[in-house]
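The values are calculated or read from the model by the stated rules, or taken from the named source; none is laboratory data. Treat the numbers as computed from the prediction; the structure is a model and nothing was measured. Methodologically, a virtual Cβ is constructed for each residue, glycine included, from the backbone with ideal geometry; neighbour enumeration extends over all protein chains shown.
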Amino acid sequence: MTDSATHALISALPQPILLINREGMVEIANQSARELFGARIQHAQIRAHLRQPEVAAMLERVLAGKSEDSANFVMATGNHETIWRVVARNGVAGMFVLSFSDISDIEAAEAQRRDFVANVSHELRSPLTVLVGFIETLQGPAGEDPVARAEFLGIMSEQAARMSGLVADLLSLSRVEAVEKIRPRTPVCLDAVLKATLAALRPQIEAAGISINYDVPEGLPDIPGDYDQLVQVFHNLVENALKYGATGGRVDISATHVPMFPAHQGPVLRVSIRDYGEGVDPIYIPRLTERFYRIDKARSRDSGGTGLGLAIVKHILSRHRGRLVIRSALGEGASFDAVLPLT
């Protein structure tokens, strides 16, 4: 292949490509590579531009004769970090080729998976440790003490319920993620969804002594959606208000038809679940929908929270092409608004 043909081929490739000679000088840099490193990369010493230890060591191995090798190269621009997989392959006439592939999304997904496994392991380890401890205790002399036995069995039941709730939420999250890219199209009446939610939560509402102010007008248009998933959305949001807004003694549930809403084309229904409890410092709001994120971990676990409720809400609303809008301030309660497009 002629030099001009090689140059034309490398220039036509969409990913950043560099052709390097045995002295480490860049002979050819395609347009994508020049955009990545700047025009100065042409005829530059590659060692001066790829100085991170892992990549530098890889380059030396290839320059020493290794036929193929690879390493990760991290580039930071402001607050954004891009991870490139750099692959070096021996070419012809003593040259070798460096190709760059953006693997930032893959690395982020892998980091998320590791964090998820670690969090699940941690969440299950605590109740399992409690159960094992009390089982060992009951197998000893305490098993003959009816008062201690009743107390321990009560605690064990609570911990088993906590694990059961966690597993149920994990399965629910998995099912939602499996169909998240498929938008549901069945017409759903939100008034029916909200009333079914309140009926299911009636025992908790009465036990908490909370009054519900229900302001959903008749005649709201149906939305394209998944009835069961929408029930889960509002079950989680109302239950959240009961757990963390109980001190306010009241929860408002309202729905409005909004002709235009930011980031949406066309009309939406906005359903607001408003409590009058302690509220949340606004600095924490961006993280509330993260998996297992809790502001007050002890309080959340005591109330039976798994740390997955709002993450499930976010994913279901995303499937419906909607969004969750959270507003709160300390001492002023919190408002969780589900915005659902009508078209």
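May I ask you to say which residue of Leu98, Leu131, Leu170, Leu153 is surrounded by fewer than 13 Cβ atoms within 10 Å (Cβ to Cβ), touching a helix residue (DSSP H, G or I) at 6+ places or on another chain (Cβ under 9 Å) and either in a loop (DSSP other than H, G, I, E, B) or not basic (Lys, Arg) (or both)?
From the options Leu98, Leu131, Leu170, Leu153, the qualifying one is Leu153.
Between a residue in the stretch 6-29 that is in contact (Cβ under 8 Å) with a residue 12 or more places away in the chain and not assigned by TED's automatic domain parsing to the domain that holds Ala56 and any residue that is surrounded by fewer than 17 Cβ atoms within 10 Å (Cβ to Cβ) and of a type outside the set (Gly, Ala, Ser), which pairs come within a Cβ distance under 8 Å, given they are 6 or more apart or on different chains?
Sorted first by the residue in the stretch 6-29, then by its partner, the list stays empty.
Yes/no matrix, rows are residues, columns are (1) out of contact with any Gly (no Cβ under 9 Å at 6 or more places or on another chain); (2) not in a helix (DSSP H, G or I):
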{"site": "Pro224", "(1), (2)": "yes, yes"}
{"site": "Asp228", "(1), (2)": "yes, no"}
{"site": "Asn236", "(1), (2)": "no, no"}
{"site": "Leu242", "(1), (2)": "yes, no"}
{"site": "Thr247", "(1), (2)": "no, no"}
{"site": "Ile253", "(1), (2)": "yes, yes"}
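Would you check if Glu81 is in contact (Cβ under 8 Å) with a residue 60 or more places away in the chain, part of a strand (DSSP E or B) and not assigned by TED's automatic domain parsing to the domain that holds Ala109?
So Glu81 does not fit the description; no.
I'd like to know if the stretch 289-304 contains one or more residues that are modelled with pLDDT of 90 or more, over 18 Å from Arg202 (Cα atoms) and within 24 Å of the chain's Cα centre (by Cα).
yes
Taking the stretch 66-86 as the search range and keeping residues that are surrounded by fewer than 15 Cβ atoms within 10 Å (Cβ to Cβ) and either under 17 Å from Arg51 (Cα atoms) or of a type in the set (Gly, Ala, Ser) (or both), which one is nearest to the chain's Cα centre (by Cα)?
Glu81
Which of the residues that make up the stretch 104-116 are over 13 Å from the mean Cα position of the chain (by Cα) and either small (Gly, Ala, Ser) or within 17 Å of Arg291 (Cα to Cα) (or both)?
The answer is Ser104, and nothing else.
Condition check: under 15 Å from Gly309 (Cα atoms), among the charged types (D, E, K, R) and at pLDDT below 90. Does Glu177 satisfy that? Break it down stepwise before answering.
Values: under 15 Å from Gly309 (Cα atoms): yes; among the charged types (D, E, K, R): yes; at pLDDT below 90: yes.
Judged against the criteria, Glu177 is a match.
Can you list residue pairs whose Cβ atoms sit under 9 Å apart, with the first residue in the stretch 321-343 being in the same structural domain as Gly266 (by TED's automatic domain parsing) and closer than 13 Å to Ala255 by Cα and the second being polar (S, T, N, Q) and modelled with pLDDT of 95 or more? Count only pairs 6 or more apart in sequence or on different chains.
Every condition considered, the pairs that remain are Ser335/Ser272; Phe336/Ser272; Asp337/Ser272; Ala338/Ser272.
Phe73 fails exactly one of the following numbered conditions: (1) in a strand (DSSP E or B); (2) more than 24 Å from Glu23 (Cβ to Cβ). What is the number of that condition?
(2)
Condition check: under 28 Å from Phe292 (Cβ atoms), basic (Lys, Arg) and either surrounded by fewer than 16 Cβ atoms within 10 Å (Cβ to Cβ) or not assigned by TED's automatic domain parsing to the domain that holds Phe116 (or both). Does Lys181 satisfy that? I'd like the intermediate steps shown before the answer.
Numbers: under 28 Å from Phe292 (Cβ atoms): yes; basic (Lys, Arg): yes; either surrounded by fewer than 16 Cβ atoms within 10 Å (Cβ to Cβ) or not assigned by TED's automatic domain parsing to the domain that holds Phe116 (or both): yes.
Yes; evaluated as a whole, the condition is true for this residue.
Report the residue count in the stretch 4-40 for those that are hydroxyl-bearing (Ser, Thr, Tyr) and at pLDDT 90 or above.
The total comes to 1.
Can you tell me which residues in the stretch 42-57 are assigned to a helix (DSSP H, G or I), closer than 14 Å to Phe100 by Cα and without any contact (Cβ under 8 Å) to a residue 40 or more places away in the chain? If you could, list the steps in order and put the result at the bottom.
First, the residues of the stretch 42-57 that are assigned to a helix (DSSP H, G or I): 46-48, 53-57.
If we keep only those that are closer than 14 Å to Phe100 by Cα as well, we get 46, 55.
Selection gives Val55 alone.
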